[in-house]
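Novice: Below: one structure in structure tokens.
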Amino acid sequence: MLLPLYQVDAFTDHVFAGNPAAVCPLTEWLPAEKMQAIAAENNLAETAFFVPRGGNEYDLRWFTPAVEVELCGHATLASAHVLFRHLNFKAEEIIFHSRSGPLRVQRQADGRLSLDFPSRPPKPLTQHPDGLLDGLGATPVAILAGPDLVALFNTEEEVRAIKPDQTHLAKVEYRAVIVTAPGSNGVDFVSRFFGPRVGVPEDPVTGSAHTTLIPYWAERLGKTELFARQVSPRGGDLWCELRGDRVLISGHAVTYLKGEIELTES
């Protein structure tokens, strides 16, 4: 069996930056254990698989090297890029059906793709979870919790300076730990994302994290349109908007490679 495979750098307009995702278009679902094995073999933060429903609708699933996840932004962006750029998709909007509900992706005139995702505001916590301070090697000014733990710092420099201890961070009983602070030079806020519990020590650019960050920073800064930067070593830019109980997350994507997976019966 030969399966098409694309590797796309998401939330960047040039290769070797942003967040790489593998995308595997399917005509029907493979067994979950086979998709998990492919994701582990790819060894990227996420591998996306999609199956057409008809028209502009697809079913979409995401796998890290270790687990299937509920929501992934950059691999959704990458999947839409593959459809628009390589699979001759003509409409301006794609609807992906996922474990997190329907996710719409629109093609913008400036070449960016815009993700319409649920807003997942965080709530304050009063105690530091076990493993957090040792894992970050720094003390945040506040902590909040949504699907991920959010550690707030005062400056971008503090966020960039963190050298995480992944063994300790893996003890934090959340999917992942996001560190964030106000940005500078036109950037509203910055972040980094550590997910050793799901097989992703540091994710280069994390769309799903911004479903939590956007509502927090929108309220704190008193604005609904924001420009964000994830300051991982690869880095990436995200244009963000809060729209009630939804967020729009926009960015560029670029193809790094096209190929085939050769599967044999074992």
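Novice: Using the Cα centre as the reference, give the magnitude of the dipole from point charges on the C-beta atoms of the chain (Lys, Arg: +1; Asp, Glu: -1; all else neutral), rounded to the nearest 20 debye.
Specialist: 380
Novice: Moving to a separate point now. How big is D for the stretch 172-242, in µm² s⁻¹ as a whole number, if Stokes-Einstein is applied with the Kirkwood radius of its Cα pairs at 10 °C and 1.306 mPa s?
Specialist: Details: Rh = 12.3 Å.
The estimated diffusion coefficient comes to 129 µm²/s.
Novice: So what J values fall out for the stretch 90-106 if you push phi through Karplus, 6.51 cos²θ - 1.76 cosθ + 1.60 with θ = phi - 60°, rounded to Hz, Gly and Pro as x?
Specialist: Result, rounded to whole Hz: 9, 5, 8, 9, 10, 10, 9, 9, 9, 5, 9, x, x, 10, 9, 10, 10.
Novice: Of the trypsin sites (Lys or Arg not before Pro) in the stretch 43-100, which ones lie in a loop per DSSP and count no more than 15 other C-beta atoms within 10 Å?
Specialist: For trypsin sites (Lys or Arg not before Pro) across the stretch 43-100 that sit outside H, G, I, E and B with at most 15 neighbouring Cβ atoms in 10 Å, the list reads Lys90, Arg99.
Novice: Follow-up. Multiply the residue gap between Phe89 and Arg160 by 0.36 nm, knock off their C-alpha separation, and tell me the result in nm, one decimal place. Kindly include the intermediate steps, with their values, before the conclusion.
Specialist: On the way: separation 71, 0.36 × 71 = 25.56 nm, distance 3.88 nm.
Between Phe89 and Arg160, full extension yields an extra 21.7 nm.
Novice: Right, next: Do you know the Lys pair count in the chain for C-alpha distances under 21 Å, with sequence separation 8 or more or different chains?
Specialist: Lysine pairs meeting the criterion: 5.
Novice: Still on this model: In whole Å, what is the distance between the alpha-carbon centres of the stretch 7-43 and the stretch 50-110?
Specialist: After rounding, the separation between the Cα centres reads 12 Å.
Novice: Helix-only mean residue ellipticity at 222 nm, the chain, DSSP H runs n ≥ 4 weighted -39,500 (n - 2.57), per residue, nearest 500. What is it?
Specialist: That comes out to -5500 deg cm²/dmol.
Novice: Ok, one more. Considering only the chain, what is the antiparallel percent among its DSSP beta bridges, to the nearest 5?
Specialist: Among the beta bridges of the chain, antiparallel pairing accounts for roughly 80 percent.
Novice: On a 0 to 90 degree scale, rounded to 10, what angle separates helix 210-221 from the longest Cα axis of the chain?
Specialist: 40
Novice: I need the GluC sites (Glu not before Pro) found in the stretch 1-76, filtered to DSSP loop residues with at most 10 other beta carbons within 10 Å of theirs.
Specialist: Glu28
Novice: Let me ask something else about it. From the phi angles alone, apply the Karplus equation (6.51, -1.76, 1.60; θ = phi - 60°) to the stretch 64-79 and give each ³J(HN,Hα) in whole Hz, x where the residue is Gly or Pro.
Specialist: 7, x, 10, 8, 7, 10, 7, 7, 8, x, 5, 6, 5, 4, 5, 5
Novice: Counting other Cβ atoms within 10 Å, which chymotrypsin sites (Phe, Trp or Tyr not before Pro) in the stretch 204-266 have at most 12 and lie in a DSSP loop? Working shown, then result.
Specialist: Values: sites: Tyr216, Trp217, Phe227, Trp239, Tyr256; in loops: none.
Of the chymotrypsin sites (Phe, Trp or Tyr not before Pro), not one in the loops of the stretch 204-266 has a Cβ with at most 12 other Cβ atoms within 10 Å.
Novice: Using only Cα atoms and rounding to the nearest 10 degrees, what angle (0 to 90) does helix 32-42 make with the longest principal axis of the chain?
Specialist: For 32-42 against the chain, the angle is about 70 degrees.
Novice: Starting from 0.36 nm per residue, how many nanometres of slack lie between Glu28 and Thr167 once their C-alpha separation is accounted for?
Specialist: 46.2 nm is the gain from fully extending Glu28 to Thr167.
Each value in this text was obtained by applying a stated rule to the coordinates, not by laboratory testing. Only a predicted model underlies this, so the values are computations on that prediction, with no experimental measurement involved. Cβ sites come from the backbone with ideal geometry, for glycine too, and all protein chains shown count toward neighbours.
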